[in-house]
Amino acid sequence: MPALQFTYNNEEIWRRHNGNVDMEPNLIDKVLDYIRKPFKPDELLTLVEDALNNHALVKSHVAIQTRLEKSEALHRYIVNSSPDIVFMLDQDGHFCFVNDKVKSLLGYPPAELCGKHFRYILDERDVARGAYALRGPNINVDNPRSLEVRLKARGQTTATRHFEITAFPIEPQSWAPADESLSGCSPQLARYYGTARDVTDRKEAEAFINFQTYHDPLTRLPNRALFRDRLELAAAHARRNSHQLAVMFLDLDRFKIVNDTLGHAMGDRLLQAVTQRMEQCLRQGDTLSRFGGDEFTILLPVIDSTDDARGVAKKLIAALQNPFQLGNHEVFVGASIGIALFPDAGQTMEQLLQCADSAMYYVKARGKDGYRFHSNSMRTATTHRLRMERDLRLAMEREEFQVHYQPQVCSETRRMVGVEALVRWQHPTLGLLYPVDFLPLAEETGLIAKLSEKVLSHACKEVGGWIAAGHPDLRLAVNLSPSQVEHPRFVEMLTERLNAHSFPRENLEIEITENVIMKDLEQISSKFRDLASSGIRIAIDDFGTGYSSLNYLHRLPIHTLKVDQSFVKAIRSGDDGACIVNAIVAMAHGLKLEIVAEGVETNEQLSYLKKLGCQQVQGFFYGPAQPASAISRILNSADRRLACVNQS
């Protein structure tokens, strides 16, 4: 009996057994088995069942193959769309796969890199680290090797971009690349898998932050923190090698005048110009640092003798003596330089900085524009200054300051018409100290404003009591610090203080120096007009020693000029210095201002001033500043007349 061929063309059997089955076109007409006629139904059903199972297996294989192809395509898309470079290396470090991202980041087509060693794109400075990284121990998928390297872009010899590499070894694979376009690549040889992430922006941001942390943004010089690090390192080297080093502390002279007069923008330009000149004076390896404000520090890490430091200091002073051109302004500054030598001045960083700072202040106190090496005598002065600063702060808390009053006397009648409030410090161990002993320190430490407010409150309370007790014409003169006058709420704060003590405004005269006025003439003019309109009198103290100008005298509501005592002392028989007093008095008369002469000590001076028409005087001729109890006795005397103390 002939054999019957059982094929997939027998659709009727398929449909009866399995319903409406979708046939795969590539499976049609493929022979699965044969049956012979006559056949048994059981045998036929068995053959059909085998055919159906075989078809299910084939169909499952096709589905799996399709999914694999889709998965591979998706994986390839993910790899090539990754923001990072994905690569594989063989056992010797040659590329056997690299994704498309390498072209957009570095300019290399993937095919160009395949087969080439990773050194081909690695910067020469990082080759050794890169080679060692692949040979490192204990590297696996869970513990990959990570390092930062520089990769060269196509056509460049030096790397400009930074990458973070993460790589680990993988097991050998037997599969071949499905993408034939990757000519020259052999992923089946891969022994290392890795990614390279571009971190250039992060590195640049870190470098910028690091620069900002250790450099001054205006001058781009090392700042205080970096200078201290370099000084500490230099001191360690000097100690180990038994050689000297020098630390200089430099403060610009007259910078504050330029800054206050021309503004902060011009002040910044001046600091930049000063920096450029000073850098040209230093040796290679020296460090110039901006310590803050107009202060600079200089480190000379190796010197053979003091002459080396002296030579650098002289160069710096000479370089800064020439004028600076700031726009249309030609300005002059100088430098006060203190020098501390290691190991003579100190063994530690802090000691060297402190000694150089002390030497610099020593120069400033003796005329500025020079240099000085630190000595033991300066250490004593520094210790005294620190002790005085501590005591000054404690004195504010312990109420150790007293207010004394110097009478202001009518030159014709010798009657006391007013008092000037002057501060004294009753020091617990040093006794009674005068303003010259502590006011400069108070200004330097920022305590002057608080001290001036205390003096004003105390004086308003005492003098206000005398006014209420029957002396309504008694005038109180008080000196105000620049920080008080420059405060935006100066007028409001002064008014509140007077109201708190019920002090009549017409009895108060505030004394301001010319330098304070000229800092900001427009603002001061507005404040003075407000004060004058409320009845407060305004006096120019130490007139003639600052920016004497008829212009501001005419613009401001000034009531009184106080002739500085240095001019009054010049009044001698036949002394030409008296001409200055003549000019000031004549100016005041022309402007209808009152005159108060300070520092009157002799009858000759008093007589001369009376002839000129000077209305009021004060000074040792009528006695020094006195406590409130002495002033009360004068007020209780007849007509408040004062007898002269100095008859010379």
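Computed quantities for the displayed model
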read-out	value
Full-stretch length increase - residue 42, residue 201 - with 0.36 nm per residue and alpha-carbon distance subtracted	49.6 nm
Calculated on alpha-carbon atoms, Rg and Dmax of the stretch 195-334 in Å	17.8, 60
For the stretch 590-648, fraction of C-alpha pairs farther apart than 15 Å, in %	56 percent
Projected label distance in nm at residue 441 and residue 310, using a 7 Å step from Cα toward the beta-carbon	3.3 nm
Degrees between helix 435-445 axis and first principal axis of the chain (Cα, 0 to 90, nearest 10)	20 degrees
Folded to 0 to 90 degrees: helix 603-612 orientation relative to the chain principal axis, Cα	80 degrees
Charge dipole of the chain about the Cα centre (unit charges at C-beta), most positive-ward option of 407, 221, 170	407
Accessible surface, per residue, of the stretch 401-548 when the full set of protein chains is kept, probe 1.4 Å, Å²	42 Å²
As computed over the chain, the Cα convex hull volume per residue (Å³)	325 Å³
The chain, relative contact order in percent, only Cα pairs under 8 angstrom and at least six apart counted	7 percent
Whole-Å semi-axes of the stretch 96-175's equivalent ellipsoid (Cα gyration tensor)	22, 17, 11
Virtual paramagnetic centre 7 Å along Cα→Cβ of residue 164, amide N under 14 Å, in the stretch 54-86	83-85
Sequence-separation-based contact order of the stretch 462-619, relative, with Cα cut under 8 Å and 6+ spacing, percent	16 percent
The stretch 393-441: Rg to Rh, with Rh as the Kirkwood radius over Cα pairs	1.15
The stretch 360-519, dipole about Cα centre (Lys/Arg Cβ +1, Asp/Glu Cβ -1), debye to the nearest 20	640 debye
Surface/4 of the Cα convex hull for the stretch 313-459, nm²	14.6 nm²
Taking all pairs of distinct alpha-carbon atoms in the stretch 293-355, Kirkwood radius in angstrom	13.7 Å
For the stretch 312-319, 3J(HN,Hα) per residue [Karplus equation, 6.51 cos²θ - 1.76 cosθ + 1.60, θ = phi - 60°, Hz, x = Gly/Pro]	5, 4, 5, 4, 4, 5, 5, 5
Residue-wise HN-Hα coupling along the stretch 505-515, computed from phi with Karplus coefficients 6.51, -1.76, 1.60 (Hz; x: Gly, Pro)	5, 5, 8, 9, 10, 9, 10, 10, 7, 5, 4
Angle in degrees between helix 376-398 and the longest Cα principal axis of the chain, rounded to the nearest 10	80 degrees
Solvent exposure of the stretch 96-153 as accessible area per residue, Å², 1.4 Å probe	52 Å²
Total charge dipole magnitude, the chain, about the Cα centre, Cβ charges on Lys, Arg, Asp, Glu only, Debye to nearest 20	1260 debye
Table column - 3J(HN,Hα) (Hz), the stretch 139-153, Karplus curve with 6.51, -1.76, 1.60, x for Gly and Pro	9, 8, 4, 7, 9, x, 8, 10, 7, 9, 9, 10, 10, 7, 6
Accessible surface of the chain [probe 1.4 Å, protein heavy atoms]: carbon and sulfur percent	51 percent
Test item: Cα-centred dipole of the stretch 460-513, Lys/Arg +1 and Asp/Glu -1 on Cβ, debye	120 debye
Share, in percent, of DSSP beta bridges within the chain that are antiparallel, nearest 5	75 percent
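The values are calculated or read from the model by the stated rules, or taken from the named source; none is laboratory data. Computed from a predicted model, the values in this text were never measured in an experiment. Cβ sites come from the backbone with ideal geometry, for glycine too, and all protein chains shown count toward neighbours. Surface areas here come from the heavy atoms of the whole protein model, side chains and all, with no ligands, DNA or RNA. Shrake-Rupley method; radii C 1.70, N 1.55, O 1.52, S 1.80 Å.
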